[in-house]
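**Q** Sending over a structure as structure tokens; questions will come in a sec.
Since every read-out is calculated from the coordinates, none of them should be taken as a lab result. Note that the structure is a prediction, hence the values are computed from the model and not measured. Please note: Cβ atoms are built from the backbone with ideal geometry, for glycine as well, and neighbour counts cover all protein chains shown.
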Amino acid sequence: MNKTDIVNRILTGSIDCHVHAGPGIFSRTGDAINFAKQAKAYGIRGIVLKNHQGITSDTATLVNKMVSGVDVYGGVVLNRYVGGINPYAVEIAIRLGAKIVWMPTQWAKHHADTFGAAQYKHMKQTKSVVDLPMKGISILDEKGEITPETKQVLQIIKEADVALATSHLTKEEIKILVKEANKIGINKIIITHITFTELWEWSIQEQRELVDMGATIEHVAVYCMENRYLVSPKEVVEMIDGVGYKNVLIGSDCGQLHLPTPPEALRLFVGMLLDEGMEEYKIHYMMKDNPIRLLGLG
């Protein structure tokens with residue numbers, strides 16, 4: 001069997017837990033309906049919509065009515081647009097079907113401090129028509145302790161048994177968050193795009209420590225793509241081997257302009273991993289078994 005057949009076999013029945021679809025505050029190559037149809041064409045079982053502006057679980061409900069043959073899920077990103085670390089936003093998102101709760105992304109204090117604003121240096125963002133302060137969000141108070149709102153959000157996540165994703169917090173915040181989540185019994189924890197090296201770099205030992213606290217490491221296709229290349233496929237494979245494939249989730253994190261569409265990025269990424277010697281059964285697990293577990297699909 002040639003590589004194309006193997007890649008197609010891996011994609012069939014897979015789930016992409018990190019899809020950036022329009023409409024949104026950043027330009028995208030397609031909307032949620034486009035990407036659902038494309039995923040179906042690639043044989044992908046399901047996609048999870050992520051939008052920096054907030055809730056996507058309601059959008060997912062509508063797309064599921066419009067596109068058959070693929071399952072579309074949503075979540076909520078805790079940026080300023082939903083009030084930041086807002087238990088009320090988390091509760092309503094989950095009541096609308098959210099599967100993943102992402103901590104702040106570009107509104108995280110770490111992100112805003114790193115990039116100088118709540119945006120990305122490689123993406124042009126339209127200036128706000130309202131002159132509001134660009135204060136970043138932290139999960140910690142002035143004493144370095146987890147804020148009451150963050151604890152409330154974690155409790156809601158635990159009770160609903162949905163996934164917690166760490167997003168763009170500092171490494172210190174992520175470690176504290178994972179420790180607290182593990183302590184209260186949250187067993188679906190995603191370390192968001194571990195290879196986003198513009199924000200931080202994680203050693204394999206640090207990743208193992210997160211895994212030991214119940215976390216799953218997310219690797220995404222986008223950072224191996226031309227126009228957004230931050231890490232080599234070889235390095236990705238080394239990291240996966242370092243923590244064990246059963247502790248890894250693979251997604252696309254695509255939808256951005258000048259990049260492959262989410263399903264195409266996954267196709268390319270799978271081919272890269274195979275070229276680096278990654279066994280097919282391991283990729284199957286990271287793209288099927290782990291998403292099923294993290295989304296609570298049984």
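**Q** Compute the angle between helix 262-275 and the longest alpha-carbon principal axis of the chain, please, reported from 0 to 90 degrees and rounded to the nearest 10.
**A** The angle comes out at about 60 degrees.
**Q** What are the lysines whose alpha-carbon lies under 16 Å from the alpha-carbon of residue 246, with same-chain residues fewer than 8 places away excluded?
**A** Within the straight-line cut-off, residue 246 pairs with 188, 282, 288.
**Q** Cut-off under 20 Å on the C-alpha distance; same-chain residues fewer than 8 positions from residue 135 excluded. Which lysines are left, in chain and number order?
**A** Here the lysines satisfying the reach criterion relative to residue 135 are 109, 121, 124, 127, 143, 171.
**Q** Now for a different question. Which value, in debye to the nearest 20, gives the size of the charge dipole of the range 17-70 about its Cα centre, when Lys and Arg are +1 and Asp and Glu are -1 at the Cβ?
**A** Numbers: 6 positive and 2 negative charges, 32 e Å.
It comes to approximately 160 debye.
**Q** Also, quick follow-up: Can you tell me the 0 to 90 degree angle between the C-alpha axis of helix 57-66 and the longest principal axis of the chain, rounded to 10?
**A** Orientation of helix 57-66: about 30 degrees from the principal axis.
**Q** Just the C-alpha atoms of the chain: what Rg/Rh do they give, with Rh taken as the Kirkwood radius?
**A** On the way: Rg = 17.8 Å, Rh = 19.0 Å.
Taking Rg over the Kirkwood Rh, I get 0.94.
**Q** Could you give the dipole magnitude of the chain about its Cα centre, charging the beta-carbon of Lys and Arg +1 and that of Asp and Glu -1, in debye to the nearest 20?
**A** Working: 32 positive and 34 negative charges, 148 e Å.
Result for the chain is approximately 700 debye, rounded to the nearest 20.
**Q** Full extension from residue 95 to residue 275: what is 0.36 nm times the residue separation minus their Cα-Cα distance, to one decimal in nm?
**A** Values: separation 180, 0.36 × 180 = 64.80 nm, distance 4.22 nm.
Roughly 60.6 nm would be gained on extension.
**Q** Right, next: Along the charge dipole of the chain, pointing to its positive end and built from +1/-1 on Cβ of Lys, Arg, Asp and Glu, which listed residue (70, 165, 7) has its Cα farthest out?
**A** Ranked along the dipole, the leading option is 70.
**Q** Mind checking which lysines have their C-alpha under 21 Å from residue 65, skipping anything on the same chain fewer than 8 residues away?
**A** Residue 65 reaches 37, 40, 50, 99.
**Q** So how tilted is helix 233-243 from the main axis of the chain? Cα-based, degrees 0 to 90, rounded to 10.
**A** That helix lies at roughly 70 degrees to the long axis.
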